[in-house]
Amino acid sequence: MAILDIKKTAFLNDKDENVFVGLKLPLRLSSGQEGYFESNSTTLLAVKENIKNLLKTKTGERLMQPNLGIGLDEYLFEPITDELLLKIETKIKDVMEFWLPFVGIKQIIVTAGEEGSDTSSLKNNINVKVTFNIQQNDTMLETVNLNL
C-alpha cells in the first residue's frame, strides 16, 4: 500500500526508465533490470495495482492495519439490489479517500450482471469500474475493473 508523503514536493513525471515503482501483482520473477520481481515503471501503474489490492483486500485481513480493505466479501451472498450497489459504491469511495488521498476519483460504476449479457437474467455478478487519476496530473486517466 502506498505511503502518504507529507513533504510538499512537486510531482515528478516518470521519465527515467531505470527507476521502478512498486511490484506487479501477482508476483513473478523478473527477466530484466528491475530486480528479483517484476516492477511497475510508472507511478500511475503502481497506483492502479494499489487500487486493485485495496478492492480485493478483506477488512481486517492485513496485520497491524485492521481497517485496511473494502471488504467486498461481506456482500457475497446478499441479494443484489440498487441499494446494495449504491452502498458498495459509497464504501469504495470512502475507503479510497482514506487510504489513497492522492488519487482523484473521476467515476465509480458498480453494476450487476454478466458483462456482455442480458443483465435482467443473470444478476449474480457485481462489476466494479473505477476511473481515476493522480491528483497532481489530471490529464492521465486510468481504469480498474473488478468482477465479483
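The values are calculated or read from the model by the stated rules, or taken from the named source; none is laboratory data. In this text the structure is predicted, and so the values were computed from the model without any measurement. FYI the Cβ positions are ideal-geometry reconstructions off the backbone, even for glycines, and counts take in every protein chain you see. Ligands, DNA and RNA are stripped out before the accessible areas are found, and what is left, the full protein with its side chains, is counted by its heavy atoms. Shrake-Rupley method; radii C 1.70, N 1.55, O 1.52, S 1.80 Å.
When you go through (1) assigned to a loop (DSSP other than H, G, I, E, B); (2) within 13 Å of the chain's Cα centre (by Cα); (3) buried (at least 17 other Cβ atoms within 10 Å of the Cβ) one by one for residue 41, which number turns out not to apply?
(2)
Which residue, of 65, 107, is assigned to a loop (DSSP other than H, G, I, E, B), of a type outside the set (A, V, I, L, M) and open to solvent by 40 Å² or more (accessible area, probe 1.4 Å)?
Only one candidate qualifies: 65.
Considering 68, 45, 55, 76, which residue is among the hydrophobic types (A, V, I, L, M, F, W, C) and over 23 Å from residue 24 (Cα atoms)?
That would be 76, the only listed residue that is among the hydrophobic types (A, V, I, L, M, F, W, C) and over 23 Å from residue 24 (Cα atoms).
If residue 48 meets every condition in (1) out of contact with any helix residue (DSSP H, G or I) (no Cβ under 6 Å at 6 or more places or on another chain); (2) surrounded by 13 or more Cβ atoms within 10 Å (Cβ to Cβ); (3) free of Cβ contacts under 8 Å to residues at least 60 places away in the same chain apart from one, which number is that one?
Against the list (1) out of contact with any helix residue (DSSP H, G or I) (no Cβ under 6 Å at 6 or more places or on another chain); (2) surrounded by 13 or more Cβ atoms within 10 Å (Cβ to Cβ); (3) free of Cβ contacts under 8 Å to residues at least 60 places away in the same chain, residue 48 comes up short only on (3).
Does region 68-104 hold any residues that are of a type in the set (A, V, I, L, M, F, W, C), surrounded by 17 or more Cβ atoms within 10 Å (Cβ to Cβ), at pLDDT 90 or above and part of a helix (DSSP H, G or I), and which are they?
Within region 68-104, 85, 88, 92, 95, 96, 99 meet the criteria.
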